[in-house]
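Trainee: Have a look at this one before I ask anything.
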Amino acid sequence: MMNGYDFEYALRVSASACTCVQFLSGFLICANFMKKGKVSNESVVPFVTGFLSCSLWLYYGMILANSTLVSVNAFGCLLFAIYTWLYYRYTSKKKRVIHYVVSAIAVIAWIVYITYTNVNRKHSKTLSSAELHLHETVEVVAVTPLDIADTSIISSTTNDAIDRVGLLCSLTTMLFFAAPFSNLIHVIRTKNTESMPLPLIVMTFLVSAQWLVYGRMLRDKFIMYPNAVGCMLSVIQLALFVIYPRRSAVPLTTELHNHHHPYPYIKLMDA
């Protein structure tokens with residue numbers, strides 16, 4: 001019988017593997033424009049936002065010293081960087097790609113700098129107050145209170161960093177999950193879900209569900225909440241396949257010609 005530790009380990013491995021597979025689906029987009037020799041309807045936005053999200057989760061995992069979050073999102077950062085570079089090679093709008101990339105890197109650097117600076121400032125201020133209090137009561141208090149003060153300072157400053165970075169991670173993840181809904185109007189208008197990537201939506205549901213359970217086991221609200229939203233949005237999208245069944249006969253207009261694309265909604269954010 002599997003105990004709690006074995007279940008958590010199996011869940012971490014499964015969630016990590018499914019997430020990596022989901023990240024690898026970006027190669028389908030790259031293969032599409034590489035085959036054509038140029039970028040047409042594809043957008044660089046999902047690649048850059050994916051890099052931004054993975055970078056924030058990587059930083060969050062480093063603060064928590066969580067090897068699972070660090071390894072998965074380091075792999076995601078590498079893949080999204082490769083996707084962005086491939087897109088840059090095949091697009092004619094290179095200046096816009098550079099603008100997006102520089103903006104994303106600037107946001108990441110700003111978050112790391114602000115978090116690090118604020119934590120260090122609070123740490124120094126609290127440490128100075130603790131040392132002053134210890135100096136005033138040196139005849140009465142032994143060395144133990146300084147050790148307790150140090151522990152309290154470290155815990156407080158770390159919690160501040162976790163709250164700030166965790167909130168940003170949650171927001172970027174929820175925006176990433178909500179991106180497919182940009183195609184919702186098209187699906188309702190045509191009453192056809194042919195343009196929706198069913199395998200990707202199912203994979204998103206499985207990944208979100210596993211991370212939701214993992215976050216619940218860790219009691220980490222920043223992992224739980226965005227993945228709960230991801231599960232809910234995936235269920236809504238899956239329900240559309242029941243309400244509007246797929247039809248193979250799709251008009252070959254410029255608007256609908258990209259129905260086979262693994263991320264058809266990204267044409268609405270053409271870079």
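The values are calculated or read from the model by the stated rules, or taken from the named source; none is laboratory data. Because the structure is predicted, anything quoted here is derived from the model rather than measured. Here the Cβ positions follow ideal geometry from the backbone for every residue, glycine too, while neighbour counts run over all protein chains shown. Please note that ligands, DNA and RNA were not included when accessible areas were found on the heavy atoms of the full protein model with its side chains. Shrake-Rupley method; radii C 1.70, N 1.55, O 1.52, S 1.80 Å.
Trainee: Quick check, is SER71 open to solvent by 50 Å² or more (accessible area, probe 1.4 Å), of a type in the set (S, T, N, Q), touching a residue at least 12 places away in the same chain (Cβ under 8 Å) and part of a helix (DSSP H, G or I)?
Mentor: Values: open to solvent by 50 Å² or more (accessible area, probe 1.4 Å): yes; of a type in the set (S, T, N, Q): yes; touching a residue at least 12 places away in the same chain (Cβ under 8 Å): yes; part of a helix (DSSP H, G or I): yes.
The answer is yes for SER71.
Trainee: Can you name the condition, by its number, that TYR100 falls short on among (1) among the hydroxyl-bearing types (Ser, Thr, Tyr); (2) without any contact (Cβ under 8 Å) to a residue 60 or more places away in the chain; (3) over 22 Å from TYR9 (Cα atoms); (4) not in a loop (DSSP other than H, G, I, E, B)?
Mentor: Single failed check for TYR100: (2).
Trainee: Next up: Find the helices (runs of 4 or more DSSP H) located wholly in segment 160-244 whose residues include 2 or more that are within 19 Å of the chain's Cα centre (by Cα) and among the aliphatic types (A, V, I, L, M), and list them.
Mentor: It comes to 198-218, 221-243.
Trainee: Taking LYS93 and the conditions (1) of a type outside the set (Asp, Glu); (2) out of contact with any Gly (no Cβ under 8 Å at 6 or more places or on another chain); (3) under 25 Å from VAL13 (Cβ atoms), which numbered condition does it fall short on, given that it satisfies the others?
Mentor: Single failed check for LYS93: (3).
Trainee: Take MET1 and tell me if it is more than 26 Å from ALA106 (Cβ to Cβ), in a helix (DSSP H, G or I) and either at pLDDT 90 or above or out of contact with any strand residue (DSSP E or B) (no Cβ under 8 Å at 6 or more places or on another chain) (or both).
Mentor: no
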